[in-house]
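The next block holds one structure in the form of structure tokens; read it before the comments.
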Amino acid sequence: MKYKEERPLANLDAAVKKLLEIANGMEADHAGRLQIGAINAQFLSAGGNVQDYMAAVRAAIDRDYITIHQSGAYLSFTQAGADLFVLSPVPLPCRTGADRAKRSDVSFRPARSAAT
């Protein structure tokens, strides 16, 4: 069946990714919970529909990325879900004086004093 409009979140993996990105960008409450209503609204405005949203939530729970609070109003990241968004530190290259001297895009000239 061909849909009238394009559904960018019809792919389950794309929908789960979008759901987790939205949830990661939100501020958690004091207990580390995120309000489902706010996530749902952002998911729908990103081009998803209710079926895509529910499938993404179920898949994220099945993959152990999130848990749903017993009230059904909040979700929380599991450790596996939180680990998806951890940035690994990138080692910076060691710069020696010789390396800095080779760089032509950066030059240092002491400021001239007004008396000179």
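Points worth noting:
- Lone unmet requirement of (1) closer than 14 Å to Gly81 by Cα; (2) in a helix (DSSP H, G or I); (3) without any contact (Cβ under 8 Å) to a residue 40 or more places away in the chain; (4) not polar (S, T, N, Q) for Gly37: (1)
- For the stretch 53-70, a residue qualifies if it is in contact with a Lys or Arg (Cβ under 8 Å, 6 or more places away or on another chain) and among the small types (Gly, Ala, Ser), and exactly one does: Ala56.
Taken together, the values in this text are just the output of simple stated rules run on the coordinates, not laboratory data. All values derive from a computational prediction rather than experimental measurement. Positions of Cβ are backbone-derived with ideal geometry, glycine not excepted, and every protein chain shown enters the neighbour counts.
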